[in-house]
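The values are calculated or read from the model by the stated rules, or taken from the named source; none is laboratory data. In this text the structure is predicted, and so the values were computed from the model without any measurement. Here the Cβ positions follow ideal geometry from the backbone for every residue, glycine too, while neighbour counts run over all protein chains shown.
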Amino acid sequence: MARYTESVCRLCRREGAKLYLKADRCYSDKCAIDRRSYAPGQHGQGRKKLSEYGIQLREKQKARRIYGVLERQFRTYFEKADRQKGVTGENLLRLLERRLDNVVYRLGFGGSRAEARQLVRHGHFTVNGRKVNIPSYLVRPGDEIAVKEASRNSPKFKEAAEILAHKNPPKWLELQPDQLRAKVLALPSREDIDAPVQEHLIVELYSR
């Protein structure tokens, strides 16, 4: 499977916005976009006016990079969102938010979505009592997500338990920090999704 292996800070600089891809570093004075707010590369500091298509493309790339999704995966999510009832752009973001790696990140078990994705892949979480190691698994209302019993004594999750006690997850998730578990209360609404994405531009791009 294809993976991006270069510096993720370059992605934030390319999109001209903080995508919070590197946990604590994004909140420190070492953040690349705070130090060099222009795009990477030889011509990064040159002023270039984007076309309408360019603006739409950048918005799609931004969303794809925030959630760590490949191009083909992202297109599949869009097609699924387009078939659902309601607003296509909001349906798209709702699908991305329901990914298990994103939910683990939202709950605070991982400092970034990449870290949360790795924890899921290593089999540290269960959904409704069954081990799930697929980051793209879509949670549903009523699902219970928990740290696997065998993983609870690891230093990583002992430290996480202390951090989670002060964590306020989105209102569509209910967190029980002392038990290292959570429950999906409902589908996320647009107000619950804080990703800096203008989803209507993505819809316009795919509608061309």
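So which of 119, 205 is of a type outside the set (Val, Ile, Thr), under 16 Å from the mean Cα position of the chain (by Cα), modelled with pLDDT of 90 or more and surrounded by 17 or more Cβ atoms within 10 Å (Cβ to Cβ)?
Numbers: 205 fails: under 16 Å from the mean Cα position of the chain (by Cα).
Being of a type outside the set (Val, Ile, Thr), under 16 Å from the mean Cα position of the chain (by Cα), modelled with pLDDT of 90 or more and surrounded by 17 or more Cβ atoms within 10 Å (Cβ to Cβ) holds for just one of 119, 205, which is 119.
Of the residues making up the stretch 130-149, just one is modelled with pLDDT under 95 and in a loop (DSSP other than H, G, I, E, B), namely 148.
Restricting the first member to the stretch 177-194 and to residues that are without any contact (Cβ under 8 Å) to a residue 24 or more places away in the chain and assigned by TED's automatic domain parsing to the domain that holds residue 119, and the second to residues that are exposed (fewer than 14 other Cβ atoms within 10 Å of the Cβ) and of a type in the set (Gly, Ala, Ser), the beta-carbon pairs closer than 7 Å and six or more apart or on different chains are 177/165.
Residue under question is residue 70, and the condition is that it be over 24 Å from residue 183 (Cα atoms), surrounded by fewer than 18 Cβ atoms within 10 Å (Cβ to Cβ) and of a type in the set (A, V, I, L, M, F, W, C); does it hold? Yes; evaluated as a whole, the condition is true for this residue.
Residue 141 fulfils the conditions (1) under 22 Å from residue 189 (Cα atoms); (2) buried (at least 18 other Cβ atoms within 10 Å of the Cβ) except for a single criterion, (2).
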